Amino acid sequence: MTYGKVVKGTFLARPNRFIALVETGGQVETCHVKNTGRCRELLVQGAAVYLEESGNSKRKTRFDLIAVEKGERLINMDSQAPNKAAAEYLPTLLPGLTLLRPETAFGSSRFDFYAEAAGEKWFVEVKGVTLEEDGVVLFPDAPTERGVKHLHELCAALEAGYRAMALFIVQMADVAYFTPNARTHPAFALALREAQAKGVALHAVDCLVTPSSLTARRPVEIRLP
């Protein structure tokens, strides 16, 4: 997936989870943050960030904050990007894909994708991963009861005769492995392990990240606690 016009800036502050103050082009801009997660290890004062110009004159904010440099690593932190990257990558995971439909309801949940491939019917839930510690990537960066619910619903879909997949889009490149963040949310780590035991397919994939694009690239090892 690609963005439109992208400019570089310097992160100054995040008054709330929706906006950030960024210096770019010699002035301070109030930017929309396209990720409501904590991202405390990413949005630190002085960090280099990348902004997409919206082009919509009716918007209150001119820019969206989409990526950040963490040391030598460029990390995409746009929470809408993983689904777009996943849509481009799923034909690789599901050979013979004939149907890919976003936002499909099952039970009390709405999964990111419903797919049909090689005579099988799939529900796919996508999670974007931005938390990295010494090359290891983790999800979630904050407790997510919604994420636990999705895993339970994927198990229910299996029982109803569907195939099910949890796909983790790692929004950076060249990582060691993926693991659930049991320290931050042990219930999610437990639910992920139980989902795998019941037959939910687990996949993680890293991404080639540039200031103006995010492309799912290659599988990442998953280690469950």
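Below is a table of values for the structure above.
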item: At R0 = 45 Å, FRET efficiency that the Cβ-Cβ distance of R193 and T10 yields, to 0.05; result: 0.65
item: Neighbourhood net charge (15 Å Cβ-Cβ; Lys/Arg +1, Asp/Glu -1) for L100; result: -2
item: Within straight-line cross-link reach of K58, lysines at Cα separation under 19 Å, skipping those fewer than 8 residues along the same chain; result: K5, K34
item: Nearest-0.05 FRET efficiency for A173 and L21, computed from C-beta distance (R0 30 Å); result: 0.60
item: Net dipole in debye of the chain [+1 Lys, Arg Cβ; -1 Asp, Glu Cβ; about Cα centre; nearest 20]; result: 500
item: FRET efficiency, L99 to A160 (Cβ-Cβ, R0 22 Å, nearest 0.05); result: 0.80
item: Scaled radius of gyration (Cα, divided by 2.2 N^0.38 Å) that the range 101-160 gives; result: 1.31
item: Positive dipole terminus of the chain, leading residue within C155, L138, G107 (C-beta point charges); result: G107
item: Extension gain, E41 back to S212 (0.36 nm per residue minus Cα-Cα distance, nm); result: 59.4 nm
item: Under the Karplus curve 6.51 cos²θ - 1.76 cosθ + 1.60, θ = phi - 60°, whole-Hz ³J(HN,Hα) for the range 208-222, x wherever Gly or Pro sits; result: 7, 10, 10, x, 10, 7, 9, 10, 4, 10, 9, x, 10, 4, 10
item: Residues of type aspartates and glutamates that K70 reaches as a straight line, Cα spacing below 13 Å, ignoring anything fewer than 8 places off in the same chain; result: E41, E132, E133, D134
item: Charge tally in the Cβ shell below 14 Å around H32, where Lys, Arg are +1 and Asp, Glu are -1, H32 excluded; result: +2
item: Full-stretch length increase - E69, L224 - with 0.36 nm per residue and alpha-carbon distance subtracted; result: 53.0 nm
item: Answer label for Cα extents along the principal axes in Å (calculated), chosen among [x] 68, 50, 29; [y] 57, 36, 31; [z] 55, 44, 35; result: [y]
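All of the numbers you see were taken from the coordinates with simple rules; none came from a lab. The structure presented is a predicted model; accordingly, all values stated were derived computationally and were not measured. In this analysis, Cβ positions are derived from the backbone assuming ideal geometry, glycine residues included, and neighbour counts consider all displayed protein chains.
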